[in-house]
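Accompanying notes for the structure given below.
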Amino acid sequence: MNLTVTGHHVDVTSSMRNYVTDKMERLQRHSDKVFGVHVILTVEEKSRQKAEATIQVSGTKLYADTTEPDMYAAIDLLTDKLDRQLIRHKEKLKSHRRTSEPVPE
C-alpha cells in the first residue's frame, strides 16, 4: 500500500504521520486490493481540523473527509468512514457475481 500524508496550513509531524499510518493499515484487513492512500490534513481555523483521504481500490476510488476540533479525532473518524466504505464496496463486488445454479423457469 502506497501511503502519502500531506498537510495544508499545518506541519505534519512524525507522530501525526505514524498515527495515520497505523490507522490506515487497519483498512487492509478488509481488502488486500488497496493500492494507494492519499491523506490531506488541513487546519481551517483553530477550532476546525480537517482530515480527508482518497483510496484507490481495485477499479474505483473512495473518498471521505471529516472536520473536528482535534486532528487525532478527525483521523479516527476518517478511518471509520473509509472502513465502512471498503466493507460496502467489498459487499457490492460479491453480490454482483453470477451464481452457477440455473434460474428456475
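The values are calculated or read from the model by the stated rules, or taken from the named source; none is laboratory data. Every value quoted in this text rests on a predicted model; they were computed, and no experiment measured them. Every residue, glycine as well, gets a Cβ built from its backbone with ideal geometry; the counts of neighbours run over all protein chains shown. Ligands, DNA and RNA are excluded from the accessible area calculation, which covers all protein heavy atoms including side chains. Shrake-Rupley method; radii C 1.70, N 1.55, O 1.52, S 1.80 Å.
A count restricted to segment 21-48 and to residues that are farther than 16 Å from Met71 by Cα and acidic (Asp, Glu) stands at 2. Just so you know, in segment 69-84 the residues that are open to solvent by 40 Å² or more (accessible area, probe 1.4 Å) and within 17 Å of Val12 (Cα to Cα) include one that is modelled with the lowest pLDDT, and it is Asp70. Of the residues making up segment 2-52, those that are within 19 Å of Tyr63 (Cα to Cα) and part of a loop (DSSP other than H, G, I, E, B) number 4.
Against the condition open to solvent by 40 Å² or more (accessible area, probe 1.4 Å), among the charged types (D, E, K, R), closer than 15 Å to Ile75 by Cβ and out of contact with any Phe, Trp or Tyr (no Cβ under 9 Å at 6 or more places or on another chain), how does Lys33 come out, does it pass? No, not satisfied. Contact annotation: residue pairs with Cβ atoms under 7 Å, 6 or more positions apart or on different chains, pairing a residue in segment 37-65 that is free of Cβ contacts under 8 Å to residues at least 12 places away in the same chain with a partner that is part of a strand (DSSP E or B), are Lys61/Thr54; Lys61/Ile55; Tyr63/Thr54.
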